[in-house]
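The values are calculated or read from the model by the stated rules, or taken from the named source; none is laboratory data. None of these values were measured; they are calculated from a predicted model. Note: ideal-geometry Cβ built from the backbone for every residue, glycine included; neighbour counts use all protein chains shown.
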Amino acid sequence: MRPLHAVVDAVASEVVAVASLVPVEVPAAVGGPTEGGDLRAGALRDVADRAAVAAGCIGIGDAWTPLDASEARSRLGVHVGHDLAYPGTARRTPEACEALVDDLLGHVEDGAQWLTNATRRSGGARTWMPVAPDWTFDVAYVAVGKKGALFIAFLAED
């Protein structure tokens, strides 16, 4: 598996991206991810905020929206290959996008819970709560597992 920084550098060669892989301690009493159990919403969002801050972005608390793993994979495939400011312009082939997403997901634990700051609309994702207020566009994803959280944000200016 390629180190996360190498994957992000590869993504950022065509689109702007920031990421962090944050070790977290989620005591069972707080509702940590377990087989058959999910982290409680408040604790999950707290971990997402910590991961965002570690990547140089801001936390958004209750504005994080749950996302299932297959939808997260699909959206990541779009974002590694398209500039947020010009979504109709592909920056990579579908095969290259899939390979990068596989590399990113190699850093995510099985059974991780996903969150995003974006709502889904036809034609792509629309940010509804920015995590990078200095940028015109951003969309972020957080995968929270038992041992850590992967945060990745795609950023753009028009």
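Yes/no per residue for (1) under 20 Å from S13 (Cβ atoms); (2) touching a Phe, Trp or Tyr at 6+ places or on another chain (Cβ under 9 Å):
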| position | (1), (2) |
| --- | --- |
| P66 | no, yes |
| A90 | yes, no |
| V144 | no, yes |
| A153 | yes, yes |
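Tell me whether region 147-155 contains one or more residues that are more than 24 Å from R2 (Cβ to Cβ), of a type in the set (F, W, Y) and in contact with a strand residue (DSSP E or B) (Cβ under 8 Å, 6 or more places away or on another chain). No: region 147-155 contains no residue that is more than 24 Å from R2 (Cβ to Cβ), of a type in the set (F, W, Y) and in contact with a strand residue (DSSP E or B) (Cβ under 8 Å, 6 or more places away or on another chain). The residue of region 62-98 that is surrounded by the fewest Cβ atoms within 10 Å (Cβ to Cβ), among those that are over 21 Å from T136 (Cα atoms), in contact with a strand residue (DSSP E or B) (Cβ under 8 Å, 6 or more places away or on another chain) and hydrophobic (A, V, I, L, M, F, W, C), is A69.
Please determine whether any residue of region 122-145 is outside any loop (DSSP other than H, G, I, E, B), out of contact with any helix residue (DSSP H, G or I) (no Cβ under 8 Å at 6 or more places or on another chain) and touching a residue at least 24 places away in the same chain (Cβ under 8 Å). Taking every residue of region 122-145 in turn, at least one turns out to be outside any loop (DSSP other than H, G, I, E, B), out of contact with any helix residue (DSSP H, G or I) (no Cβ under 8 Å at 6 or more places or on another chain) and touching a residue at least 24 places away in the same chain (Cβ under 8 Å).
Out of the residues in region 137-158 that are over 15 Å from P23 (Cα atoms) and surrounded by fewer than 24 Cβ atoms within 10 Å (Cβ to Cβ), state the one that is modelled with the lowest pLDDT. Spell out how you get there, then give the answer.
First pass over region 137-158, keeping only residues over 15 Å from P23 (Cα atoms): 137-141, 153-158.
Okay, now just the ones that are also surrounded by fewer than 24 Cβ atoms within 10 Å (Cβ to Cβ), so 137-138, 155-158.
Numbers: F137: 83, D138: 86, L155: 85, A156: 83, E157: 81, D158: 75.
In this case the residue turns out to be D158.
Is it true that D83 is farther than 20 Å from V144 by Cβ, acidic (D, E) and modelled with pLDDT under 90? Answer is yes for this residue.
Listed conditions (1) within 13 Å of the chain's Cα centre (by Cα); (2) surrounded by 20 or more Cβ atoms within 10 Å (Cβ to Cβ); (3) under 16 Å from A17 (Cβ atoms) are all met by L105, apart from (2). Restricting region 1-37 to residues that are farther than 13 Å from H107 by Cβ and of a type in the set (S, T, N, Q) leaves a set whose member that is modelled with the lowest pLDDT is T34. For V47, the requirement of being β-branched (V, I, T), touching a residue at least 12 places away in the same chain (Cβ under 8 Å), part of a loop (DSSP other than H, G, I, E, B) and closer than 15 Å to V22 by Cβ is not met.
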